Amino acid sequence: MGYQLGIDLGTTYTAAALFRDDRAQIVTLGNRAASVPSVVYLREDDEILTGDAASRRAVTEPDRVAREFKRRIGDPTPILVGGAPYSAEALMAKLLRWTVEQVTAQEGGPPDSVAVTHPANWGPYKQDLLAQAIRLADLEDVVTLPEPEAAATYYASTERVEPGQVIAVYDLGGGTFDAAVLRKTETGFEMLGQPEGIERLGGIDFDQAVFAHVTRALGGAIEELDPDDPATIAALSRLRQDCTEAKEALSDDTEAAIPVILPDLRTEVRITRSEFESLIRAPLSDTVAALRRALRSAGVEPQAVSAVLLVGGSSRIPMVAEMVGAELRRPVAVDAHPKHACALGAAIAAAHASGALAATAAGAVAGAGAVAAAASPAPAPAPGAPGTPAGAGAGPPPTPAPPAPTTPPSGRSRLPLVVGAVVAAVALVVVAVVVLGGGGGGDGGDQAGPGTTDAAGPSTTAEATTAPPTSTSPTSQVVITTTTAVPPECPDASGPYICITDVREENGAVVADFVPLNVVLVSPPAPFPDGSAHAQFFLDTTAPEDSGTQSANPGDWVDWGPAEPFVGWEGGTAPAEATKLCALVADAQQRTTLGTGNCMPIAGR
């Protein structure tokens with residue numbers, strides 16, 4: 001089956017995603033992570049290595065390695081790699097070609113179309129150099145698009161964005177910063193005004209700030225080392241990597257320890273979050289000022305912005321959200337997977353440009369948020385909605401389909417309780433929209449859901465009935481039906497959707513109120529009936545695309561069933577770095593569909 005490929009060639013990391021079966025998903029390029037270092041290594045036999053393999057060689061043969069060459073696009077000075085001169089676009093072509101070949105090998109064939117992202121502030125000259133790199137990579141008919149547009153495209157596939165709404169994108173990556181303002185249209189996004197950017201500001205500059213902090217703490221010990229000694233070169237390379245890991249750790253912790261193992265010195269240097277923030281406050285202030293300029297160029301006041309989308313790995317630094325939120329006083333949305341948002345959006349753009357989305361039903365979100373027809377049955381109309389027979393939903397619910405004879409793969413799930421979707425059999429059977437009354441307030445977190453659903457009204461009713469057992473069902477099943485007004489923090493979803501409304505910790509467990517929209521809750525759960533849908537909860541330590549068995553590296557999730565509140569990770573087993581609880585709708589095989597649920601911060605974390 002064909003697929004479309006999106007590639008984000010970043011300054012420090014390169015990521016790829018593919019679009020297939022009405023959904024976008026990340027491709028694993030590295031041995032330990034989905035993305036790979038944007039590094040090129042020239043062997044003595046003139047063969048090129050890229051990614052993880054090249055990064056490993058950089059420790060012992062730094063003169064044969066090129067990195068951060070994206071920053072050099074447009075610079076006529078050649079980059080020497082192993083003594084041979086290369087232009088930045090030639091090195092970019094090597095990495096681009098390798099990425100396409102890697103995905104082609106994994107998928108068993110080349111992509112039907114490719115999209116590649118670039119910084120929003122690249123003018124015609126640099127975009128032409130990118131086109132040259134694409135030609136050098138022997139690729140044809142490649143779509144190119146600005147990184148903020150790709151990020152907004154992915155965001156719109158996981159969140160409900162109405163045409164006319166304005167989104168500001170704050171993209172702080174490994175080596176560059178972009179700020180752009182976009183308006184949603186019927187077919188995609190349009191850029192408003194002139195994007196702003198800082199070409200030499202990103203995570204690698206923050207890494208250098210931490211390294212400088214360590215250097216000062218060591219009192220000149222590093223300056224005394226022989227820079228040509230292979231042991232020194234290896235030790236400093238390891239120290240720089242530890243500085244990077246400490247920087248990343250400070251996004252979740254308030255203090256980090258950096259081990260120092262030099263030829264004549266073994267110690268550690270501690271750095272607190274407040275110390276790190278003081279090091280980067282000035283450059284972050286410059287990024288906020290650039291975002292302000294982008295808004296002025298677009299002629300948009302901050303209050304007209306529906307959300308500020310934070311993407312790029314460095315956007316996870318807590319201070320970023322604090323400064324942007326305080327400056328603009330608008331909702332700040334930190335992408336669940338900021339390092340991969342541009343690649344995912346590029347894959348969706350490639351699918352759209354190639355016509356692969358032409359058959360998508362009107363109103364459905366094409367991309368990661370689209371609900372594949374094979375994943376779940378068509379949603380039933382809401383009671384009282386147009387086309388619903390009078391009195392529909394007033395009587396007992398229909399008998400759920402009997403369990404399938406096979407047991408689905410367990411993946412890494414726990415507490416398997418079903419939220420089963422009832423499928424009509426012969427004649428038109430209308431299933432009532434099921435909404436469990438959610439507690440708590442909140443701002444709805446990271447919401448997603450295509451289509452619209454009419455609220456059933458201000459009153460709330462609930463009933464429980466026992467469906468008559470059938471000859472193929474081992475036990476009778478209790479079907480719980482509830483109708484209620486959709487809370488304002490939940491989207492008007494026309495398809496299956498799990499909306500978390502409040503999350504807190506109680507007695508060492510993660511507890512959440514939630515509202516299941518357009519699904520029927522069935523108990524007992526096992527085995528999952530064929531064609532059913534159920535809720536799958538997971539922490540933000542698991543990427544959304546890894547929240548089910550569709551992932552090559554499935555994370556940790558909890559299946560949940562016919563009642564709220566949700567209770568999981570009892571006994572204080574939730575990782576300390578987890579800050580949000582998320583939910584998605586999954587099918588009988590525990591494959592989740594992106595865009596069918598939201599995330600909500602865990603109170604107190």
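Observations on the structure shown:
- When each of Val59, Val103, Val39 is tested for being more than 15 Å from Ala133 (Cα to Cα), free of Cβ contacts under 8 Å to residues at least 40 places away in the same chain and not small (Gly, Ala, Ser), the lone residue that passes is Val39.
- Taken over the stretch 237-250, residues that are open to solvent by 10 Å² or more (accessible area, probe 1.4 Å) and either in contact with a Pro (Cβ under 6 Å, 6 or more places away or on another chain) or under 21 Å from Glu223 (Cα atoms) (or both) amount to 6.
- Qualifying positions in the stretch 335-359 - touching a residue at least 60 places away in the same chain (Cβ under 8 Å), within 17 Å of Val169 (Cβ to Cβ) and outside any helix (DSSP H, G or I): Asp335, Ala336, His337, Lys339, His340
- Residues (within 13 Å of Asp205 (Cβ to Cβ) and open to solvent by less than 40 Å² (accessible area, probe 1.4 Å)) located in the stretch 270-284: Phe276, Ile280, Pro283, Leu284
- Those strands (runs of 3 or more DSSP E) of the stretch 128-205 in which 2 or more residues are open to solvent by 40 Å² or more (accessible area, probe 1.4 Å) occupy 142-146, 189-198.
- One residue stands out among those in the stretch 62-83 that are at negative phi and in contact (Cβ under 8 Å) with a residue 60 or more places away in the chain: the one that is most open to solvent (accessible area, probe 1.4 Å), which is Pro62.
- Single condition Val288 does not satisfy, out of (1) touching a Leu at 6+ places or on another chain (Cβ under 8 Å); (2) within 19 Å of Pro119 (Cα to Cα): (1)
- Candidate set: the stretch 285-300, residues that are of a type in the set (A, V, I, L, M) and part of a helix (DSSP H, G or I); chosen: the one surrounded by the most Cβ atoms within 10 Å (Cβ to Cβ): Ala294
- Flag for Ile500 being more than 15 Å from Cys599 (Cα to Cα) and either of a type in the set (A, V, I, L, M, F, W, C) or at pLDDT 80 or above (or both): no
- Any hit, the stretch 301-317, residues being in contact with a Pro (Cβ under 8 Å, 6 or more places away or on another chain), within 19 Å of Ala212 (Cα to Cα), open to solvent by 40 Å² or more (accessible area, probe 1.4 Å) and in a helix (DSSP H, G or I): no
- The stretch 84-109, residues that are surrounded by 16 or more Cβ atoms within 10 Å (Cβ to Cβ) and not in a helix (DSSP H, G or I): Tyr86, Ser87
- Evaluated against (1) of a type outside the set (Asp, Glu); (2) crowded, with 21+ Cβ neighbours inside 10 Å; (3) at positive phi, Trp557 falls short on exactly one condition, (3).
The values are calculated or read from the model by the stated rules, or taken from the named source; none is laboratory data. Quantities reported herein were computed from a predicted structural model and do not represent experimental measurements. When we count neighbours, we look across all protein chains shown, and the Cβ atoms used for this are built from the backbone with ideal geometry, even at glycine. Areas reflect the complete protein model, heavy atoms only, side chains present, ligands, DNA and RNA absent. Shrake-Rupley method; radii C 1.70, N 1.55, O 1.52, S 1.80 Å.
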